[in-house]
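The structure appears below as C-alpha coordinates.
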Amino acid sequence: MIAHYNAQDADAYVALMTDDAAEAGYRGAVLRDGREGVREGLKAMFAQFPENRAEILSGQQLGDYILLHEKVYRSSDAEPFEVMSIYSFEGDKVSRVEFVR
(Lines give C-alpha, C1' and ligand atoms only; values in the text may rest on other atoms or scores of the structure.)
Protein backbone atom coordinates (compact mmCIF):
# COMPACT_ATOMS: atom_id res chain seq x y z
CA MET A 1 0.00 0.00 0.00
CA ILE A 2 2.77 2.42 0.89
CA ALA A 3 4.43 1.82 -2.49
CA HIS A 4 1.14 2.77 -4.20
CA TYR A 5 0.81 5.80 -1.88
CA ASN A 6 4.35 6.93 -2.71
CA ALA A 7 3.68 6.45 -6.43
CA GLN A 8 0.57 8.63 -5.89
CA ASP A 9 -1.54 5.86 -7.40
CA ALA A 10 -4.84 6.31 -5.56
CA ASP A 11 -6.55 3.65 -7.69
CA ALA A 12 -4.04 0.92 -6.80
CA TYR A 13 -4.05 2.03 -3.14
CA VAL A 14 -7.83 1.74 -2.74
CA ALA A 15 -7.91 -1.56 -4.64
CA LEU A 16 -6.43 -3.02 -1.45
CA MET A 17 -9.36 -1.72 0.65
CA THR A 18 -12.88 -2.95 1.38
CA ASP A 19 -15.75 -1.06 -0.28
CA ASP A 20 -16.75 0.53 3.03
CA ALA A 21 -13.20 1.28 4.21
CA ALA A 22 -12.44 4.54 5.99
CA GLU A 23 -9.47 6.66 6.99
CA ALA A 24 -9.85 8.50 10.29
CA GLY A 25 -8.09 10.24 13.10
CA TYR A 26 -7.36 7.88 15.98
CA ARG A 27 -10.61 7.40 17.90
CA GLY A 28 -11.92 10.43 16.05
CA ALA A 29 -13.67 11.76 13.01
CA VAL A 30 -13.63 9.95 9.69
CA LEU A 31 -11.49 11.85 7.21
CA ARG A 32 -12.29 9.80 4.10
CA ASP A 33 -15.33 7.51 3.98
CA GLY A 34 -15.66 4.48 1.71
CA ARG A 35 -13.30 3.33 -1.01
CA GLU A 36 -14.44 6.16 -3.30
CA GLY A 37 -14.05 8.73 -0.54
CA VAL A 38 -10.49 7.55 0.09
CA ARG A 39 -9.73 7.62 -3.65
CA GLU A 40 -11.04 11.18 -4.11
CA GLY A 41 -9.35 12.40 -0.92
CA LEU A 42 -6.00 10.97 -1.95
CA LYS A 43 -6.27 12.38 -5.47
CA ALA A 44 -6.96 15.83 -4.03
CA MET A 45 -4.04 15.55 -1.59
CA PHE A 46 -1.67 14.33 -4.30
CA ALA A 47 -2.69 17.28 -6.50
CA GLN A 48 -2.02 19.68 -3.62
CA PHE A 49 1.27 17.99 -2.62
CA PRO A 50 2.85 16.47 -5.76
CA GLU A 51 6.03 15.55 -3.83
CA ASN A 52 4.10 13.79 -1.02
CA ARG A 53 5.57 10.50 0.20
CA ALA A 54 5.79 8.39 3.34
CA GLU A 55 8.75 6.50 4.76
CA ILE A 56 8.13 3.55 7.07
CA LEU A 57 10.30 3.88 10.17
CA SER A 58 9.03 0.71 11.86
CA GLY A 59 6.09 -1.67 11.85
CA GLN A 60 4.37 -4.33 13.92
CA GLN A 61 1.57 -6.81 13.34
CA LEU A 62 -0.89 -8.15 15.88
CA GLY A 63 -3.70 -10.32 14.52
CA ASP A 64 -5.71 -8.34 11.96
CA TYR A 65 -3.89 -5.08 12.75
CA ILE A 66 -0.72 -3.54 11.41
CA LEU A 67 0.87 -0.54 13.11
CA LEU A 68 3.27 1.59 11.07
CA HIS A 69 5.42 4.42 12.37
CA GLU A 70 5.82 6.70 9.35
CA LYS A 71 7.58 9.92 8.44
CA VAL A 72 5.58 11.93 5.91
CA TYR A 73 7.13 14.43 3.53
CA ARG A 74 4.73 16.86 1.85
CA SER A 75 7.37 18.74 -0.15
CA SER A 76 11.08 19.45 -0.22
CA ASP A 77 10.38 22.80 1.48
CA ALA A 78 8.03 21.56 4.22
CA GLU A 79 9.09 20.09 7.56
CA PRO A 80 8.30 16.33 7.59
CA PHE A 81 6.06 14.98 10.33
CA GLU A 82 5.68 11.62 12.01
CA VAL A 83 2.48 9.62 12.29
CA MET A 84 1.40 6.24 13.63
CA SER A 85 -0.96 4.52 11.21
CA ILE A 86 -3.13 1.66 12.44
CA TYR A 87 -4.39 -0.56 9.61
CA SER A 88 -7.35 -2.86 10.36
CA PHE A 89 -7.96 -5.79 8.02
CA GLU A 90 -10.96 -7.85 6.98
CA GLY A 91 -9.45 -10.85 5.23
CA ASP A 92 -6.81 -9.53 2.83
CA LYS A 93 -8.33 -6.03 2.50
CA VAL A 94 -7.88 -2.94 4.67
CA SER A 95 -11.15 -1.89 6.31
CA ARG A 96 -9.93 1.12 8.29
CA VAL A 97 -6.83 3.23 8.77
CA GLU A 98 -6.53 5.43 11.85
CA PHE A 99 -3.83 8.08 12.21
CA VAL A 100 -2.20 9.16 15.47
CA ARG A 101 -0.37 12.42 15.03
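The set of residues in region 51-61 being over 19 Å from R32 (Cα atoms) and either of a type outside the set (V, I, T) or open to solvent by less than 60 Å² (accessible area, probe 1.4 Å) (or both) consists of E51, E55, L57, S58, G59, Q60, Q61. For region 75-93, give me the residue count where each residue is under 16 Å from E55 (Cβ atoms), open to solvent by 50 Å² or more (accessible area, probe 1.4 Å) and not small (G, A, S). Summing the residues that are under 16 Å from E55 (Cβ atoms), open to solvent by 50 Å² or more (accessible area, probe 1.4 Å) and not small (G, A, S) in region 75-93 gives 3. Within region 62-74, the set of residues being assigned to a strand (DSSP E or B), touching a residue at least 24 places away in the same chain (Cβ under 8 Å) and open to solvent by 50 Å² or more (accessible area, probe 1.4 Å) comprises Y65 only.
May I ask you to verify whether L31 is at negative phi, modelled with pLDDT of 95 or more and hydrophobic (A, V, I, L, M, F, W, C)? Walk me through how you get there before you give the answer.
Details: at negative phi: yes; modelled with pLDDT of 95 or more: no; hydrophobic (A, V, I, L, M, F, W, C): yes.
No.
Taking region 12-61 as the range and being small (G, A, S), touching a residue at least 12 places away in the same chain (Cβ under 8 Å) and part of a strand (DSSP E or B) as the test, the residues that pass are A21, A22, A24, G25, A54. For H4, the test of being in a strand (DSSP E or B) and open to solvent by less than 80 Å² (accessible area, probe 1.4 Å) is failed. Within region 15-38, the residues that satisfy the criterion of being of a type outside the set (A, V, I, L, M, F, W, C), open to solvent by less than 40 Å² (accessible area, probe 1.4 Å) and in contact with a helix residue (DSSP H, G or I) (Cβ under 8 Å, 6 or more places away or on another chain) are T18, E23. Summed over region 48-75, the residues that are aliphatic (A, V, I, L, M) and more than 16 Å from the chain's Cα centre (by Cα) give a count of 1.
The values are calculated or read from the model by the stated rules, or taken from the named source; none is laboratory data. Everything numeric in this text was worked out from a predicted model, so none of it was measured. Because the Cβ atoms are built from the backbone with ideal geometry, glycine has one as well, and the counts that use them run over all protein chains shown. The protein model used for the area step is the full one, side chains on, heavy atoms only, and it has no ligands, DNA or RNA in it. Shrake-Rupley method; radii C 1.70, N 1.55, O 1.52, S 1.80 Å.
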